1. List, in order, the whole-Hz ³J(HN,Hα) value for each residue of the range 131-143 obtained from phi through the Karplus relation with A = 6.51, B = -1.76, C = 1.60 and θ = phi - 60°; use x for Gly and Pro.
2. Which log10 I(q)/I(0) values does the range 93-167 give at q = 0.11, 0.14, 0.26 Å⁻¹ under the Debye formula, counting every alpha carbon as one identical point scatterer?
3. May I ask you to give the average projected area over all directions of the convex hull of the Cα atoms of the chain, in nm² rounded to one decimal?
4. If a paramagnetic tag sat 7 Å from the Cα of residue 11 along the Cα-Cβ line, which residues of the range 135-177 would have the backbone N under 15 Å from that point?
5. Where does helix 100-112 land angle-wise versus the long Cα axis of the chain, in degrees 0 to 90, nearest 10?
6. Under the definition of Cα pairs under 8 Å and six or more residues apart, what whole-number percent is the relative contact order of the chain?
7. Run the helix sum for the chain: -39,500 (n - 2.57) per DSSP H stretch of 4+ residues, divided by residue count, reported at 222 nm to the nearest 500 deg cm²/dmol.
8. Before anything else, pin down the relative contact order of the range 65-155: Cα pairs under 8 Å, at least 6 apart, normalised by residue count, whole percent.
Amino acid sequence: YQNWLERRLAELVREARLAEKRVKRRIKAAEQLVFPFEKPRPGQVELIATIDECMKTKRPLLIQAPTGLGKTIGVLYPTLKEALQRGQRVVYLTPKNSQHSVAEEAIERLQESGANIRSMTLTAKSKMCFKNEPICNPDYCEFAKDHYTKMAAGGLIERLSKKKNLTPRVFKNLAQEHEVCPFELQIDATPLADAVICDYNY
């Protein structure tokens, strides 16, 4: 028990140091975050200013705007800047998986403009599972068996920490290679992301 406790305490110290590094990196990323378009569309400047003001005064905000205004980047830019300044992350919720791509493209635009941010798309267990049924029992599923042991042996979290965009394909490829659960791999990688894109039922 003492050996286990010493190992676990050492792990917790490493996890705490990594969390501190993430906070520092996010604060630095906020300073370098710029709007990815030279000329914002009509309405976007007002949208960004309104979101900024509501976050400063801690007021909830409901936005209704026409298609084509550029709502996604108009919302992601100020919320990411505010969250990163505090060393935190943004969770971007959509009603359907099909709407993830719009948010992913907005994050990619920010990255192309020099933003040092990492995004992650969280996908439903049923869509990530390699088996016919998502039964997370080690006797039924070889990907559930010894999941955490295989995660540690493969250094999977460290490998994921070097990627900017954590997509379902990235998780599935790595999970297949190391025979771990792709859904649990997503959950384990969540602390790495500065922006988590997912269905709102999560």
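1. For the range 131-143, the Karplus-derived couplings read 8, 5, 10, x, 9, 8, 10, x, 6, 9, 10, 5, 7 Hz, x marking Gly and Pro.
2. Taking Cα atoms of the range 93-167 as identical point scatterers yields -0.42, -0.65, -1.15.
3. On the way: hull surface 54.1 nm².
With every direction weighted equally, the projected area is 13.5 nm².
4. Counting backbone N atoms under 15 Å from the label point, the list is 146-158.
5. 80 degrees
6. Working: 235 pairs, mean separation 53.8, N = 202.
Here the relative contact order equals 27 percent.
7. Values: 9 runs with 108 residues, N = 202.
Estimated from H runs of four or more residues: -16500 deg cm²/dmol.
8. On the way: 33 pairs, mean separation 14.4, N = 91.
Once divided by the residue count of the range 65-155, the mean separation gives 16 percent.
The values are calculated or read from the model by the stated rules, or taken from the named source; none is laboratory data. If you're wondering where the values come from, they're calculated on a predicted model, not measured in any experiment. Every residue, glycine as well, gets a Cβ built from its backbone with ideal geometry; the counts of neighbours run over all protein chains shown. Areas reflect the complete protein model, heavy atoms only, side chains present, ligands, DNA and RNA absent. Shrake-Rupley method; radii C 1.70, N 1.55, O 1.52, S 1.80 Å.
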